Amino acid sequence: MLRRRLGTWPWPAARRGLSRLAPPAPAAVVRVDSNNVARLGAPKPGPRPRQLLSLPPFPAGADPLPGRNVAPRRVTAVSWVKHCFADVPQEVVQAHFNKRQVYTECSDQEVSAESIWCRKHHLKKIKHSEVMEPGMRIHLPVSVAEAEIKKRYQTIPTATLHPNRDEIEYLKRLVIYKDSAILVLNKPPKVPMKGNLPVHNSMDVLAAAALSYGNEEGPKLVHRLDRDTSGLLLMGRTRESFTRLHWLFTSIKLARTASQAWNAACESYLQRYWALVIGTPTESEGIISAPLTKVLLDDGKAERVILAHPSGIDGAQEAVTEYRVMGPTINGCSWIELRPLTGRKHQLRVHCAEALGTPIVGDYKYGWFVHQRWKQNPQPDFEPFTGEPYKLRRPEGLEVQKGSVLSKVPLLHLHCREMVVPNIAKFLSNTGEWHDNGTPWSKEKPNLLRFIAPLPAHMKISWNIMSSYLV
């Protein structure tokens, strides 16, 4: 009789229930809420994990970290993350590694029980000391780039041809790098680039009046940003540096000389923008090669840039842009990284709106109708690994300042964040003489300069809202 009872017992089912990958359901427990009231039931689920940010793949080459005096022999994971987030305190990056919140992509043979339980089949945790290999990608929470937000906008108070002492001090605070050849500024939004009769508070006029630093001529704009675009702005302090850098921004072929060191530095030149777009591109990364052309509107009073006809008979200009989806999403929007390979007017805005079908948040010139649908019919967001919908919980103590993604009229979310340019001061003497191998007193200086500009206030708010817990 005893044997018959044991034979009917479902031993395989019991084993499956007690396995490590499928633990038994938690029993009913008594939990106490914030009001000291005891309740019977399962424990409350914790907050959803933060969304993960995808870094660019680790490059192959002798100098994967440009801007250093000596190229490192090997690059560790923590060095690569600190390089990508040079504007973030190092202790914040190290804290994410200590909490084991940094992941890398793994192969099918490296899938562990922990990754299956976390529903992250293609990711594995990485240590700070692990050596980076070409093509490796690192994923980490978006909280690594959270920043403190100032309540007051950083804009120039008046518009005069002769700036006062406060305006001069404000402009000097925008300078993030200065040497004998160039100036690099972190341009705020809503500041025009070129001035005319009705516009006196443009960057060229103010820089000539406040940033000459004793030179006879003020710095000149090497390239331009749109009025509502923020980020890195390069200016030449001498005529020779301005001319050579302007050639570089126009075409690398124009900037080449007989110097091998200078030509190699020109090949490493790049610009990277961060943008928040409405929707998500179909492909996570790619290259946009779409020529652009201009059309006149309102009897020639206004102009608009559009995608050119494939025949190319309407005066089209070549325009190429690399893009990469960074990963996080919020309120139906996603963050992407853009790298323009050509410098056309409104190139990034038109490529995002018409080529990708995802206009930039705050770009009402090229994405007005999409903005109307987006505000009227907000799209639900989904957890990236389980696919379950969630709703956003606004972080405590965070004020929705005018211009963020949750405001009624957001500002343009386009920011020139990173720039790598040749160190032209190493090849130019103070008298303007060119040295192919560098001046004798500056041979120890690096051939490349790398700059990173923090996000403006309205984009910081959008980033911090996105990086909050989503429940």
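The values are calculated or read from the model by the stated rules, or taken from the named source; none is laboratory data. Here the structure is a predicted model, which is why all the values come from computation and not from measurement. All Cβ positions, glycine included, derive from the backbone under ideal geometry; neighbour counts span all protein chains shown. Just the protein is used for accessible areas: all its heavy atoms, side chains included, with ligands, DNA and RNA removed. Shrake-Rupley method; radii C 1.70, N 1.55, O 1.52, S 1.80 Å.
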Inset, instruction - Compute, for Met132, the solvent-accessible surface of its heavy atoms (probe 1.4 Å) with the complete set of protein chains present, and express it in square angstrom to the nearest 10. - result: 10 Å²
Legend entry - Low-density loop positions, GluC sites (Glu not before Pro), segment 409-455 - DSSP coil, at most 10 other Cβ in 10 Å: Glu433, Glu444
Inset, instruction - Within segment 228-333, list the GluC sites (Glu not before Pro) lying in a DSSP loop whose Cβ has at most 12 other Cβ atoms in a 10 Å radius. - result: Glu283
Inset, instruction - Show Arg237, Arg227, Arg344 ordered by accessible area, largest first, where the area counts protein heavy atoms only and the probe is 1.4 Å. - result: Arg227, Arg344, Arg237
Inset, instruction - Excluding residues fewer than 8 places away in the same chain, name every one of the lysines whose C-alpha is closer than 23 Å to that of Lys220. - result: Lys172, Lys178, Lys187, Lys190, Lys194, Lys253, Lys345, Lys426
Inset, instruction - Provide the solvent-accessible area of Ile452, counting protein heavy atoms only and rolling a 1.4 Å probe, rounded to the nearest 10 Å². - result: 30 Å²
Legend entry - Restricting segment 414-471 to trypsin sites (Lys or Arg not before Pro) in coil, as DSSP defines it, with at most 12 other Cβ within 10 Å: Lys443
Legend entry - Where His346, His415 fall by accessible area, highest first, once all protein chains stay in place (1.4 Å): His346, His415
Inset, instruction - Could you tally the net charge around Ala207, taking each other residue with its Cβ under 15 Å from the Cβ of Ala207, Lys/Arg +1 and Asp/Glu -1? - result: +3
